[in-house]
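The values are calculated or read from the model by the stated rules, or taken from the named source; none is laboratory data. What you see is a predicted model, and the numbers here were worked out from it, not measured in a lab. Positions of Cβ are generated from backbone atoms using ideal geometry, with glycine treated the same way; all protein chains shown enter the neighbour counts. All accessible areas refer to the heavy atoms of the entire protein, side chains included, with ligands and DNA or RNA removed. Shrake-Rupley method; radii C 1.70, N 1.55, O 1.52, S 1.80 Å.
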Amino acid sequence: MAAYKHHAFSSFIILMLFPLLLQFQFGKSELQLNYYSESCPKAEEIIKQEVAKLYYEHGNTAVSWLRNLFHDCFVQGCDASLLLESVNGIESEKESGRSFGMRNFKYVNTIKMALENECPSTVSCADVVALSARDGIVMLGGPHIEMKTGRRDSNESYAKIVEEFIPNHNDSMSSVLSRFQSVGIDVEGTVALLGAHSVGRVHCVNLVHRLYPTVDPTLDPDYAEYLKGRCPTPIPDPKEVQYSRNDRETPMILDNNYYKNLLKNKGLLMVDQELASDPATLPFVQKMASDNDYFNEQFSRAALLLSEYNPLTGDQGEVRKDCRYVNTN
């Protein structure tokens, strides 16, 4: 009997340790809260301080951090592949048409250098992307999201397949929902994440097709006239900074005003307006328009899911010294 109990206990221990053994074998570990508590205790506070400093110098950086999270994590996972420059045979994801209008990449390295001064070669660029988005959301008046860390950086770019993953602003709602579902985000979460369009701006290049040669009938006529004033020609020069704010009332606050605008037919992009017309998404639009706390709750949930999508961990990838380039050693 004693031998049987000993055998059963030993089997139980093996079963408990088996997942951990697999992690060591394949160099894989899980993301965790306060991952840098011993290796770089001030890491998260440094990122928070740098995000705040940059926000007060260049307010639009907070919007950039949020967009970086989406564009990085959607393409093969949260691994900072987005930040790589075109050099030494690498083609940058930033050169994709889906990345049009993205900016402030140089300030990612401002944050990274502050971390390198404190803890060299310790904090990954992928975690900088995630945590700067977290802190940027707060600077924009949005919710604080407890994000795990421990991501590693990719040593390759996925520029050739960016358009397979990042939805286009003209895609059908079924296509958009399918792409979000592929990264583990449900319909409710998709509607919430698109609420990030409540901040920032849309370049005229991406919205003139709703104004010319005739106005999209789903667009509020008075709003269309305003947009024509912002985008006076059907073929805008992409080198000129011609744009319209996503939300005229609270353009730099992450809130539910976006959904209120959709219900008034004042969505800028086709994908925005389709949220308010598709029967799968309309109920969530209506609920978020009437309840900002509900929007914040669902936005937090979906952003957290996105931030944990398919990261490199353990000894996968690397920790870049400069977010723009893979390590040379």
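Under the condition of being part of a helix (DSSP H, G or I) and more than 23 Å from Gly97 (Cβ to Cβ), the residues counted in region 228-245 number 2.
Take the residues in region 211-227 that are assigned to a helix (DSSP H, G or I) and buried (at least 16 other Cβ atoms within 10 Å of the Cβ); name whichever of them is nearest to the chain's Cα centre (by Cα). Here the residue is Leu227.
For beta carbons closer than 7 Å, sequence separation of 6+ or different chains, a first residue in region 299-320 that is farther than 30 Å from Tyr258 by Cα and a second that is among the hydroxyl-bearing types (Ser, Thr, Tyr) and modelled with pLDDT under 95, the qualifying pairs are Thr313/Ser29; Gly314/Ser29.
Residue under question is Thr190, and the condition is that it be out of contact with any strand residue (DSSP E or B) (no Cβ under 8 Å at 6 or more places or on another chain), within 28 Å of Gly59 (Cβ to Cβ), among the hydroxyl-bearing types (Ser, Thr, Tyr) and modelled with pLDDT under 95; does it hold?
Working: out of contact with any strand residue (DSSP E or B) (no Cβ under 8 Å at 6 or more places or on another chain): yes; within 28 Å of Gly59 (Cβ to Cβ): yes; among the hydroxyl-bearing types (Ser, Thr, Tyr): yes; modelled with pLDDT under 95: no.
Spelling it out, it is not the case that Thr190 is out of contact with any strand residue (DSSP E or B) (no Cβ under 8 Å at 6 or more places or on another chain), within 28 Å of Gly59 (Cβ to Cβ), among the hydroxyl-bearing types (Ser, Thr, Tyr) and modelled with pLDDT under 95.
State whether one or more residues within region 145-158 are in a helix (DSSP H, G or I), open to solvent by 10 Å² or more (accessible area, probe 1.4 Å) and under 20 Å from Val87 (Cβ atoms). No, that holds for no residue.
Does region 125-139 include one or more residues that are assigned to a loop (DSSP other than H, G, I, E, B) and either open to solvent by less than 40 Å² (accessible area, probe 1.4 Å) or of a type in the set (Val, Ile, Thr) (or both)? Even if it seems obvious, please write down each step before you answer.
From region 125-139, those assigned to a loop (DSSP other than H, G, I, E, B) are none; that's our starting set.
No; the residues of region 125-139 include none that is assigned to a loop (DSSP other than H, G, I, E, B) and either open to solvent by less than 40 Å² (accessible area, probe 1.4 Å) or of a type in the set (Val, Ile, Thr) (or both).
Run down Asn117, Asn109, Asn68 and say which single residue is open to solvent by 10 Å² or more (accessible area, probe 1.4 Å) and either touching a Leu at 6+ places or on another chain (Cβ under 9 Å) or assigned to a loop (DSSP other than H, G, I, E, B) (or both). Lay out the reasoning, then the answer.
Values: Asn117 fails: either touching a Leu at 6+ places or on another chain (Cβ under 9 Å) or assigned to a loop (DSSP other than H, G, I, E, B) (or both); Asn68 fails: open to solvent by 10 Å² or more (accessible area, probe 1.4 Å).
None of the other options fit; the residue is Asn109.
Yes/no matrix, rows are residues, columns are (1) of a type in the set (Asp, Glu); (2) closer than 22 Å to Ile145 by Cβ; (3) without any contact (Cβ under 8 Å) to a residue 40 or more places away in the chain:
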site	(1), (2), (3)
Glu45	yes, yes, yes
Val51	no, yes, no
Tyr55	no, yes, no
Ala62	no, yes, no
Asn68	no, yes, no
Ser92	no, no, no
Ser96	no, no, no
Tyr107	no, yes, no
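Of the residues Gln242, Gln286, Gln273, which is open to solvent by less than 70 Å² (accessible area, probe 1.4 Å) and either more than 30 Å from Asn109 (Cβ to Cβ) or out of contact with any strand residue (DSSP E or B) (no Cβ under 9 Å at 6 or more places or on another chain) (or both)? Explain how you work it out, then say what you get.
Details: Gln242 fails: either more than 30 Å from Asn109 (Cβ to Cβ) or out of contact with any strand residue (DSSP E or B) (no Cβ under 9 Å at 6 or more places or on another chain) (or both); Gln286 fails: open to solvent by less than 70 Å² (accessible area, probe 1.4 Å).
Answer to the selection: Gln273.
Residues in region 71-105 that are hydrophobic (A, V, I, L, M, F, W, C), in contact with a strand residue (DSSP E or B) (Cβ under 9 Å, 6 or more places away or on another chain) and outside any strand (DSSP E or B): 5 in all.
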